[in-house]
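Q: Take this structure first; my questions come after.
The values are calculated or read from the model by the stated rules, or taken from the named source; none is laboratory data. Predicted, not measured: the structure shown is a model, and the values here were computed from it. Every residue, glycine as well, gets a Cβ built from its backbone with ideal geometry; the counts of neighbours run over all protein chains shown.
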Amino acid sequence: MCMAVPSKVVAVDGQMATVEAFGQTRQTSLLMIEEDVRVGDYLVLGAGGTFAAEKVSEETALAAIDYLSQVLADGLA
Amino acid sequence: MFTEASLHVTMRVDGPSVRTVLVRSTRMVQAARLFAGKQPAEVLQLLPAVFSLCGTAQALTGLAAMEKAAAIAASPAQKAARSLLLLGESVSEHGLTVARDWPLLAGAAPSLDHAKRLRHALAGLRAALYPDGDWLHLGGGQLRPDTARINTIVGQCRDTLTQLIGHDLDELMQPIAFMAWLQRESNPLLALVTNRCWQGLGAGAAFLPMPELGPPDLSARLQTDREGIYLARPDCAGRVFETGPLAHWHWHPLLTDLTDRFGTGLLTRLAARLVLLAESLREMDEHRHDLRGEPAAPLPRLDGQGLALTEAARGLLAHRVVLKEGLVGQYQILAPTEWNFHPEGALVRMLTGAPADQDLELRARLLVHALDPCVSCTVAVE
């Protein structure tokens, strides 16, 4: 599946952000995001993670992370 | 550690050509099993959150499957609103591809401004239809279409795509106009394909388009797929269909013309993306006339099983759900990538026997792009 892990923004530098998900950090471009992005926001990244695709609410992100944690725990990832 | 799913294509060369093509997938095709035991509404909230590229299609296909299971018939206005959302996502995805990925594949600068304008315009579509945000309500949410706003959104998409392509998209659907546009080299990727004479790349392989209503044995195969083998490697009596823009629109006059000239190769596949964009905008125009205001539907008891199919941006998407006493008992998702990147699927058919020259890896990347996987995909030559 093209499942995406919502990633938490830990740093913003211009049009680039450092995001974290499941203990992994990486850089992503904010060029495709219209809204203001701040540290603590959650982003869904496009395939490959080069570009952030969407900003999602904390509630939605945490629900998705909880589900994906179950996927990981059940060995389905 | 949660690793993002991906595809890995390895071409094994023997002498002058590719002898075998191996496709390894780490896609989580059985992850939807964990929806079992959840409330349908909870699953419908999760679907757009965990699917990065086609969240709207995933959620709407899930909604349709649950409605079938519960014998709920959505009204024509609700169906029109959902079609608008689905088509909007396809326009956003393929517009992004043309604006961002096509120039990058040709070594040119991406047109990110156009991609952003498309996304920005379409981001307002849900609110223009369902201002209360209940677009995933079973039976249909509170539909209050803002016709003026929807007209503006469709108009902005059309204008942005015209500027991006440098030609009116509808006119470009005429074969004569398309060939003239192609010769002007107004698009860097299509210019690369033309200059290198790669229009017919992959055209020698068998073209097996997905039937319009999906594989005839889909429901039976899903019902008996206890181990998830079919979900990972689907087939229909041994045939592995191709799904996506060319499979869906192969009868379109522009694509039949290009197929006559170049076969179902790279150029025809790339042109199918443009056909999908033009036809999606035309269909969005049509669906606008079927919209009308409606209150949210009351929720009935949810029991039964349902299978729903959607032509998503990358092809046929299937969701099957079993509802028991108001909860999800079983959930399966079959996505287009499992067909197109099957070990015996369209990509493998197109690459097997390909000349093993210095351009092989680039040509393989272009064919991977033409089939449009929904996860990242590496290509290697051994």
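One line per residue, one yes/no per condition, for (1) surrounded by 24 or more Cβ atoms within 10 Å (Cβ to Cβ); (2) in a helix (DSSP H, G or I):
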{"site": "B:Gln58", "(1), (2)": "yes, yes"}
{"site": "B:Ala65", "(1), (2)": "yes, yes"}
{"site": "B:Ile72", "(1), (2)": "no, no"}
{"site": "B:Leu84", "(1), (2)": "yes, yes"}
{"site": "B:Leu87", "(1), (2)": "yes, yes"}
{"site": "B:Leu104", "(1), (2)": "no, yes"}
{"site": "B:Pro110", "(1), (2)": "no, no"}
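Q: Would the range B:335-343 turn up any residue that is in a strand (DSSP E or B) and within 14 Å of another protein chain (Cβ to nearest Cβ)?
A: Scanning the range B:335-343 turns up no residue that is in a strand (DSSP E or B) and within 14 Å of another protein chain (Cβ to nearest Cβ).
Q: Among the residues of the range A:38-48, is any more than 7 Å from every other protein chain (Cβ to nearest Cβ), surrounded by fewer than 21 Cβ atoms within 10 Å (Cβ to Cβ) and not small (Gly, Ala, Ser)?
A: yes
Q: While we're here: Taking the residues in the range B:344-381 that are among the aliphatic types (A, V, I, L, M) and part of a loop (DSSP other than H, G, I, E, B) as candidates, determine which candidate is farthest from the chain's Cα centre (by Cα).
A: The extreme case among them is B:Ala356.
Q: OK, next. Would you mind telling me which numbered condition in (1) without any contact (Cβ under 8 Å) to a residue 60 or more places away in the chain; (2) out of contact with any Ser or Thr (no Cβ under 8 Å at 6 or more places or on another chain); (3) more than 7 Å from chain B (Cβ to nearest Cβ) A:Val10 fails?
A: It fails just one condition, (2).
Q: Take the conditions at negative phi, touching a residue at least 12 places away in the same chain (Cβ under 8 Å), of a type in the set (S, T, N, Q) and facing chain B (nearest Cβ under 8 Å) and apply them to A:Thr60. Does it pass?
A: Considered against the rule, which asks whether it is at negative phi, touching a residue at least 12 places away in the same chain (Cβ under 8 Å), of a type in the set (S, T, N, Q) and facing chain B (nearest Cβ under 8 Å), A:Thr60 comes out as yes.
Q: Right, another one. Does the range A:25-49 hold any residues that are closer than 20 Å to B:Ser376 by Cβ and modelled with pLDDT of 90 or more, and which are they?
A: A:Thr25, A:Arg26, A:Gln27, A:Thr28, A:Ser29, A:Leu30, A:Leu43
Q: Hey, another quick one. Do you know which of the residues in the range A:13-37 that are within 26 Å of B:Phe35 (Cα to Cα) and part of a strand (DSSP E or B) is farthest from the other protein chains (Cβ to nearest Cβ)?
A: A:Glu20
Q: Report yes if some residue within the range B:64-84 is within 13 Å of chain A (Cβ to nearest Cβ), more than 20 Å from B:Asp285 (Cβ to Cβ) and not hydrophobic (A, V, I, L, M, F, W, C); otherwise report no.
A: Checked against the condition, which is being within 13 Å of chain A (Cβ to nearest Cβ), more than 20 Å from B:Asp285 (Cβ to Cβ) and not hydrophobic (A, V, I, L, M, F, W, C), the range B:64-84 yields no hits at all.
Q: Go through the range B:5-29 and give me each residue that's within 14 Å of chain A (Cβ to nearest Cβ), surrounded by 16 or more Cβ atoms within 10 Å (Cβ to Cβ) and not polar (S, T, N, Q).
A: Answer for the range B:5-29, where residues must be within 14 Å of chain A (Cβ to nearest Cβ), surrounded by 16 or more Cβ atoms within 10 Å (Cβ to Cβ) and not polar (S, T, N, Q): B:Ala5, B:Leu7, B:Arg27, B:Met28, B:Val29.
Here is a yes/no grid of residues against (1) surrounded by fewer than 16 Cβ atoms within 10 Å (Cβ to Cβ); (2) assigned to a helix (DSSP H, G or I); (3) touching a Ser or Thr at 6+ places or on another chain (Cβ under 7 Å):
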position: B:Gln163; (1), (2), (3): yes, yes, no
position: B:Trp181; (1), (2), (3): no, yes, no
position: B:Val193; (1), (2), (3): no, yes, no
position: B:Gly200; (1), (2), (3): no, no, no
position: B:Leu213; (1), (2), (3): yes, no, no
position: B:Ala220; (1), (2), (3): yes, yes, no
position: B:Asp225; (1), (2), (3): no, no, no
position: B:Leu246; (1), (2), (3): no, yes, yes
position: B:Thr256; (1), (2), (3): yes, yes, no
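Q: Inspect the range B:102-110 for any residue being over 21 Å from the mean Cα position of the chain (by Cα) and within 14 Å of chain A (Cβ to nearest Cβ) and give the result as yes or no.
A: Yes, that holds for at least one residue.
Q: Kindly list the number of the only condition in (1) more than 24 Å from the chain's Cα centre (by Cα); (2) more than 19 Å from A:Val71 (Cα to Cα) that fails for B:Leu84.
A: B:Leu84 satisfies all of (1) more than 24 Å from the chain's Cα centre (by Cα); (2) more than 19 Å from A:Val71 (Cα to Cα) except (1).
For every residue, the table says whether it meets (1) part of a strand (DSSP E or B); (2) of a type in the set (Phe, Trp, Tyr); (3) within 30 Å of B:Asp146 (Cβ to Cβ).
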site: B:Arg19; (1), (2), (3): yes, no, no
site: B:Ala32; (1), (2), (3): no, no, no
site: B:Leu47; (1), (2), (3): no, no, yes
site: B:Ser90; (1), (2), (3): no, no, yes
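Q: When B:Ala32 is evaluated against the numbered criteria (1) closer than 30 Å to B:Leu161 by Cβ; (2) in contact with a strand residue (DSSP E or B) (Cβ under 6 Å, 6 or more places away or on another chain); (3) within 14 Å of chain A (Cβ to nearest Cβ), which criterion, by number, is the only one it fails?
A: It is condition (1) that B:Ala32 fails.
Q: So in the range B:344-364, with the set limited to residues that are touching a Leu at 6+ places or on another chain (Cβ under 7 Å) and under 27 Å from A:Phe51 (Cβ atoms), which one is farthest from the other protein chains (Cβ to nearest Cβ)?
A: B:Arg363
Q: For the range B:1-17, what are the residues that are assigned to a strand (DSSP E or B), under 21 Å from the mean Cα position of the chain (by Cα), of a type outside the set (Gly, Ala, Ser) and modelled with pLDDT under 95?
A: B:Leu7
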